[in-house]
Amino acid sequence: MATLTSQEILNATVSMGLSKANQCWIARAANTLLAGMYIAIGGFLAIRIGLALPWEQWGGMSKLIFGAVFPLGLMLVVLCGADLFTGSCMTLTTAQAKQKITFGQTAFTLATSWIGNFAGALFVAFFIAYLSGLIFESAGGTMPWAAAVVNLANAKCSLGFTEALLRGIGCNWLVCLAVFAAAASTETIGKIAALWFPTMAFVALGMEHCIANMFFIPLGILTGTDPRYIALAEAGKAAALKADFYSFVAGNLVPVTIGNIIGGSVLVGMLYRRQYQKGLRRIVLVTDSVFDCSDICFAAFIPGSNSLFGTVSF
């Protein structure tokens, strides 16, 4: 299986950031909308398969199953092509660090990506999960998926600011590592493997992804305020909704978004860019016995390259 070197991966992320920053309006709208929809589809699949499994019987396996199917969304984003806010935190940072784009372009692209992803996630939450009635399907006299998503929304909106921030940092550190690792492979199966493990890890660990939460929490609020669920809660068969849109935005979405930006841009984008720059500065000046400018060459250690030294003659 062919793989790229660290330098080539970094150059690929720079190219991705440059491409995202220079999209036309139509492409930007379509790509950001699709990314939000893809992540939401992965989230809905995780709800249907893993979220309703009782902890008493399944224990940690329920989280593992939930996390194992969620990566579908990121796989669709990378393989089919879409503009995901969390991944853009890394790619735009590397492109800006290499002076391919300006800070204004970075901020504008991230803002439009966030808004487009939000719209796509809400579309799936309202039309595909809620309005279709899939979330209200019953089993054993209860609505297991409805109850599970309301509990999930309650839990996410009960986090403190610092908790949500730190979980957001950890989440996008792993998400961007998944995207960075996937760029190393030139084959589809290699990209899938690289995307699956870190994404599964952040979900199973309980980290917070702002775009996924744009699906999970609004769906939980829509479900919890529906008369069908309220009747179930009043009968004592499900927990009442505690989350609302204020606690969603102020208590979860804001700190998680900030954390995702830090995790992707600092822990992956800036650190790998810095590592590569530092490697290039390990310069050894080589001359022959007769000093001549034309004979001077520089040798630098390139992290991830097949050889320790590369030379450039002047």
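The values are calculated or read from the model by the stated rules, or taken from the named source; none is laboratory data. These figures come from a predicted structure and were not determined experimentally. No Cβ is skipped: glycine too gets one built from the backbone with ideal geometry, and neighbour counts run over all protein chains shown. For accessibility, only protein heavy atoms count, side chains too; no ligands or nucleic acids. Shrake-Rupley method; radii C 1.70, N 1.55, O 1.52, S 1.80 Å.
Summing Lys, Arg as +1 and Asp, Glu as -1, what charge do residues with Cβ under 15 Å from the Cβ of Lys100 carry, Lys100 excluded?
+3
If Ile189, Ile101, Ile258 are ordered by their accessible area, calculated over protein heavy atoms with a 1.4 Å probe, which sequence runs from highest to lowest?
Ile189, Ile258, Ile101
Need one value: the accessible area of Met214 in square angstrom, 1.4 angstrom probe, rounded to the nearest 10.
0 Å²
Rounding to the nearest 10 and keeping the result within 0 to 90°, find how far the Cα-based axis of helix 6-21 lies from the longest principal axis of the chain.
60 degrees
So for the stretch 26-169, averaging the separation of alpha carbon pairs under 8 Å that are six or more residues apart and normalising by length, what relative contact order in percent results?
33 percent
Over 28 Å apart: what share of the alpha carbon pairs of the chain falls there, rounded to a whole percent?
Cα-Cα pairs in the chain separated by more than 28 Å: 44 percent.
Comparing Ala40, Ala111, Ala125, which has the greatest mean-square fluctuation in the GNM of the chain with Cα pairs linked when under 10 Å apart?
Comparing Ala40, Ala111, Ala125 in a Gaussian network model of the chain, the most mobile one is Ala111.
Roughly how many debye, to the nearest 20, is the charge dipole of the stretch 176-282 about its Cα centre, given +1 on each Lys and Arg Cβ, -1 on each Asp and Glu Cβ, and no other charges?
700 debye
Could you list, bin by bin from short to long, the percent of Cα-Cα pairs of the stretch 125-168 in 5 Å steps?
For the stretch 125-168, the pair-distance distribution reads 5, 20, 19, 18, 14, 12, 9, 3.
Going by alpha carbons, how many degrees (0 to 90, nearest 10) lie between the helix axis of 161-182 and the longest principal axis of the chain?
That helix lies at roughly 50 degrees to the long axis.
Could you let me know the centre-to-centre spacing of the stretch 181-236 and the stretch 64-93, using Cα atoms, in angstrom?
11 Å
Work out the charge dipole of the chain with +1 on the Cβ of Lys and Arg and -1 on the Cβ of Asp and Glu about the Cα centre, then indicate which of Ile9, Ile128, Ile221 is farthest towards its positive end.
Farthest along the dipole direction, towards plus: Ile221.
Could you give the angle, 0 to 90 degrees to the nearest 10, between helix 103-123's Cα long axis and the longest principal axis of the Cα atoms of the chain?
The angle comes out at about 30 degrees.
Explain nothing, just the number: relative contact order of the chain, from Cα pairs under 8 Å at least 6 residues apart, as a whole percent.
24 percent
Set Lys and Arg Cβ to +1 and Asp and Glu Cβ to -1, take the dipole of the chain about its Cα centre, and tell me which of Gly141, Gly259, Cys171 lies farthest positive.
Looking along the dipole axis, the top candidate is Gly259.
In terms of solvent-accessible area of protein heavy atoms at a 1.4 angstrom probe, what is the ranking of Trp196, Trp58, Trp25, highest value first?
Solvent-accessible surface, decreasing: Trp25, Trp58, Trp196.
Given Cβ point charges of +1 (Lys, Arg) and -1 (Asp, Glu) and nothing else, what value in debye, to the nearest 20, does the dipole of the stretch 1-140 about its Cα centre take?
Computed charge dipole of the stretch 1-140: roughly 320 debye.
Once every DSSP H run of n ≥ 4 in the chain is given -39500 (n - 2.57) and the sum is divided by its residues, what mean residue ellipticity at 222 nm do you get, rounded to the nearest 500 deg cm²/dmol?
About -19500 deg cm²/dmol.
Which shape class applies to the stretch 1-116: rounded if a/c is under 1.5, otherwise prolate when a/b exceeds b/c and oblate if not, where a ≥ b ≥ c are the square roots of the Cα gyration tensor eigenvalues?
Judged from the Cα gyration tensor, the stretch 1-116 comes out prolate (a/c at least 1.5, a/b above b/c).
Between Asn117, Asn172, Asn31, find the one with the highest GNM mean-square fluctuation for the chain; connect C-alpha pairs within less than 10 Å.
Of the options given, Asn31 has the highest mean-square fluctuation.
Which order do Arg273, Arg167 take when ranked by solvent-accessible area (1.4 Å probe, heavy atoms of all protein chains), largest first?
Largest accessible area first, the list is Arg167, Arg273.
Relative contact order for the stretch 88-157: what is it in percent, counting Cα pairs under 8 Å that are at least 6 residues apart?
14 percent
Roughly how many Å² is the accessible area per residue of the chain, as a whole number, for a 1.4 Å probe?
That works out to 47 Å² per residue.
When all protein chains stay in place, what accessible area (Å², nearest 10, 1.4 Å probe) is found for Glu8?
90 Å²
About the Cα centre, and with charges only on the beta carbon of Lys, Arg (+1) and Asp, Glu (-1), how big is the dipole of the chain? Nearest 20 debye, please.
220 debye
Calculate log10 I(q)/I(0) of the stretch 108-249 for q = 0.18 Å⁻¹, where I(q) comes from the Debye formula with a single equal point scatterer on each Cα and nothing for solvent.
Treating every Cα as an identical point scatterer, log10 I(q)/I(0) equals -1.09.
Ignoring any ligand, DNA or RNA, what whole percent of the accessible area of the chain comes from carbon and sulfur when the probe is 1.4 angstrom?
Looking at the chain in its full context, I get 68 percent from C and S.
For the stretch 80-161, take the alpha-carbon Rg, divide it by the Kirkwood Rh, and send me Rg/Rh.
Ratio of gyration radius to Kirkwood radius for the stretch 80-161: 1.17.
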